[in-house]
1. Could you work out how much longer the chain between residue 118 and residue 462 gets when fully extended? Use 0.36 nm per residue separation minus the Cα distance between them, nm to one decimal.
2. Can you give the calculated 222 nm mean residue ellipticity of the chain, where each DSSP H run of n ≥ 4 adds -39,500 (n - 2.57) and the sum is split over every residue, rounded to the nearest 500 deg cm²/dmol?
3. Could you sort the peptides 18-31, 196-209 by per-residue average Cβ neighbour count (10 Å cutoff), highest mean leading?
4. Arranged from highest to lowest average of other beta-carbon atoms within 10 Å per residue, in what order do the peptides 158-165, 127-134 appear?
5. Jot down the per residue volume, in cubic angstrom and as a whole number, of the convex hull over the alpha-carbon atoms of the stretch 275-527.
6. For the modelled label position 7 Å from the Cα of residue 260 along Cα-to-Cβ, which residues of the stretch 144-172 have backbone nitrogen atoms closer than 13 Å?
7. Kindly state, to the nearest 0.05, the FRET efficiency for residue 448 paired with residue 206, given R0 = 60 Å and r defined as their beta-carbon distance.
8. Using θ = phi - 60° and the Karplus relation 6.51 cos²θ - 1.76 cosθ + 1.60, list the HN-Hα couplings for the stretch 61-74 in order, rounded to whole Hz, with x at every Gly or Pro.
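Since every read-out is calculated from the coordinates, none of them should be taken as a lab result. The structure presented is a predicted model; accordingly, all values stated were derived computationally and were not measured. All Cβ positions, glycine included, derive from the backbone under ideal geometry; neighbour counts span all protein chains shown.
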Amino acid sequence: MMRLLARRELRDSRIRTAVFVYLFAVYSFVQPVGYRHSFPDRASRLRFADSFAVNKGLRLLYGQPHDVSTVPGYAAWRVGGVLALAAAAFGVLAAVRALRAQEESGRLEVILAGPVARGGAYWGSVAAVAVGAGLLWAAEFLGLVAGGVPVTGAAYLALATVSVAAVFAGVGALASQLAPTGRGALGLGFAVLALLFAVRVLADTVPGLAGLRWATPLGWAELLRPFAAPRPLVLLLPLAATAALLWASARLASRRDLGTGLLPRRDSAPARRFLLASPTAQALRTQLGAVATWVAAMAVLMFILGVVSRSISPSDIPQGTQDEIAKLGTGSIATPAGYLAFLFLFVVVAVSACACAQVGAAREEELDQRLETLLAQPVRRSRWLAGRLALAVAVLAVLALTAGFFAWTGAIVGGVRISLPRMLEAGANSLPTAVLFLGLAALAYALAPRAGSGLAYGGLVVAFGWQLVASLLGPPQWVVDLSPFAHVGLVPAQPFRPVAAVILAAVGVAAAAAATTLFGRRDLASR
């Protein structure tokens, strides 16, 4: 029976798992291939290592480098640093979806009505998450091997990365027992991720705090040191932490009632009519916590990155190395402005991901059957969705401008002179692409509500992954231009591209208009 439950959960989560598998495979392949193409000889690789091994800005993003003058060492740094965060996000999302979301949908009650014990259902869900993590390991391993990384080292690096997913799956499982709702469990899990990422950043950038790596799973992945004096015994730490978290979660799951958590619900709180004047205002009320989290995380991260942008200096980087870095497709990062422009490429991705999350929140309202109650009032479906999308645009604008303002604030604190209007323009530069993905996500939601979120996030990951691959493989320009990210000017190092921005936004608006029409004609899908 556990096998059947695990198989069902894998089938339900196939789109999300496929998106992460694609991300792991493409990113693992792109990095070693891009490094080999950009730095073809030993001399250029040594110059790169000398220039960037002590750079705090890059260490903040990717962690502590080891032997980056070689292709495997560079792959361990870039692939391990980025995919460890992606693995952590996968662990939280997969565990909460398998445990808390299944319970909220009422499916767990049906399962437990049969010859299935509470523990059997729990471990069946955990087994499905473990299979998903195994698929991530295989994707990263195959991508690294295809990129020319030695087989044994590729397997070890992929294991180091996926060990992070295992620990954070435990975090997500425990959060699912503590929080009474799936949204609360996700918020709690990602709050832990943000805290442990901050610990890793301090360990990698602040002298004297390197010992903090032992306090975070992201640091354990670094301490495993693939291709540079490996320490396989460190794997005992994520193994022990995962076992402890899953055991504690199983104990709690067996003792609490369905539909509850150890933390109290707020159903009996005094009535508050704040932001209940309209469906759109009510949507903002339900999203205030999530929006505040997005904005706060963006503000803190961009402030820190702005402060460390001073560590970039063209005098420290040979011109040949600067030219080679430009081939990676993100422009030159040899100046503070270039480094900030490089960072804003990821801001574009983050704001676009927030757009997909906003549509996902709308789907959650339908899934929880709150929308049925709302539409029983004199509220048209198309009006409701149009209001949600307008609210989403406002949230995206706040998030984008927050990124620009706090990056400028951090740069000023760090001693870098840069224009505030130019940095706000860099933030606003992410909006056309975000509006495009908002419209496409809404269209996917209107056409296929059950698969809409997966399709939206999948499209975002595929588009960004293709941008990375295309910049290295050198296909015809029209093929490169298939990715929306190919049309984004990296402000402030590059000029804003108004024509491309208008076209991207127009396509997004057209998709959103089609979505509101189609949504008004389909039945609600609460399962």
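1. Values: separation 344, 0.36 × 344 = 123.84 nm, distance 3.78 nm.
Working it through step by step, the gained length comes to 120.1 nm.
2. Values: 21 runs with 376 residues, N = 527.
It comes out at -24000 deg cm²/dmol, rounded to the nearest 500.
3. Ranking the peptides 18-31, 196-209 by packing returns 18-31, 196-209.
4. On the way: 158-165: 27.0, 127-134: 21.1.
Result, highest mean Cβ count within 10 Å first: 158-165, 127-134.
5. Working: hull volume 30.8 nm³, N = 253.
Spelled out: Cα convex hull of the stretch 275-527, divided by residues, is 122 Å³.
6. Output list for this probe position: empty.
7. Details: r = 47 Å, r/R0 = 0.78.
After rounding, the FRET efficiency stands at 0.80.
8. The phi angles translate into 6, 10, x, 6, x, 9, 6, 7, 7, 10, 4, x, x, 5 Hz.
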